[in-house]
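Nothing in this text is a laboratory measurement; each read-out follows from the coordinates by a stated rule. This structure is a prediction, so every number in the text was calculated from the model and none was measured. In this analysis, Cβ positions are derived from the backbone assuming ideal geometry, glycine residues included, and neighbour counts consider all displayed protein chains.
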Amino acid sequence: MQDAGRCYDAKAPTQAPAAAQLMTHTDKRILCIEDDPETAALIAEDLTERGYPVTVALDGRAGLEALIRTPPALVLCDIGMPHLNGFDVLEQLVARGPRLQSVPFIFLTAQADRHTELKGRRLGADDFVTKPIDFDILATIIEARLAKVARNEVWSRLVDLNPREIEALTLSARGRTSAEIAEVIGLTKRTVDFHIENACRKLEAASRIEAAVKAASLGLIRP
């Protein structure tokens, strides 16, 4: 049994130093934050067999430290845990900005009630999987979430917004008019409209609102 508060790589036959474990990031690496060692081991075993490298953290604090140190491709997180519960982990993840906000976050919980799910989704959770876990359902959810991230990453690389377009679109997303944006960044209203129209074209958006939503979802701007 692993000691509480520790992280370990599920692929390793023996416990490795934390620094070594957390440097083995791949685009499919999953961080499982689960305080029950038996449940954590079952999840890690199943996902490893499906081709996902898995790092396990046995409490919320260790999980958050692992997240910050090397962001994984996806997080599975229990809700009821010592030190930091799952809601606390997600709140702190979101508070640390877009670098971590884009990581899909899936709650694992035996508390399958409406209040719990509403609270989690308001905090930014992507999905809920109830215990006992159906591993085929879990694997399907993981595959879908990672596929969406991969599509967004490809799209964001293809959308080459220049700094002025990013600046104008960001201010537009914050509710500023073209005239207000022009005053803030020292351009004419006509030039601001030109940059926003270019951003809309690159993002294949019909309006500046749609362009702002797309750009924010791809991590190109921070509204």
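With R₀ fixed at 22 Å, the C-beta to C-beta distance from residue 216 to residue 144 puts the FRET efficiency at about 0.55. As an exercise, use a Förster radius of 25 Å and the Cβ-Cβ distance of residue 174 and residue 95 to find the FRET efficiency, rounded to the nearest 0.05. Plugging the Cβ-Cβ distance into 1/(1 + (r/R0)^6) gives 0.85. Charged side chains reduced to their Cβ positions (Lys and Arg at +1, Asp and Glu at -1) give region 159-217 a dipole of some 60 debye around its Cα centre. The packing ranking, built from the mean of other Cβ atoms within 10 Å per residue, places the peptides 134-140, 164-170 in the order 164-170, 134-140, highest first. Residues whose amide H lies under 5 Å from that of residue 84, counting only those 5 or more places away or on a different chain, are 60, 61; hydrogens are built 1.01 Å from N in the peptide plane. When peptides 59-66, 113-120, 84-91 are ranked by their average number of other Cβ atoms within 10 Å per residue, the highest-first order is 59-66, 84-91, 113-120.
Residue-wise HN-Hα couplings along region 204-216, as the Karplus relation 6.51 cos²θ - 1.76 cosθ + 1.60 with θ = phi - 60° gives them from phi, are 6, 10, 7, 8, 5, 5, 4, 5, 5, 5, 5, 5, 5 Hz; Gly and Pro carry x. In order along region 187-198, the Karplus-derived 3J(HN,Hα) couplings, from 6.51 cos²θ - 1.76 cosθ + 1.60 at θ = phi - 60°, round to 10, 7, 4, 4, 5, 4, 4, 4, 5, 5, 4, 4 Hz, and Gly and Pro are given as x. Whole-Hz Karplus values for region 74-84 come out as 7, 10, 10, 9, 5, 9, x, 9, x, 6, 9 Hz, taken residue by residue from phi with 6.51 cos²θ - 1.76 cosθ + 1.60 and θ = phi - 60°; glycine and proline positions read x. Relative to one another, the C-alpha centroids of region 110-129 and region 160-223 are positioned 33 Å apart.
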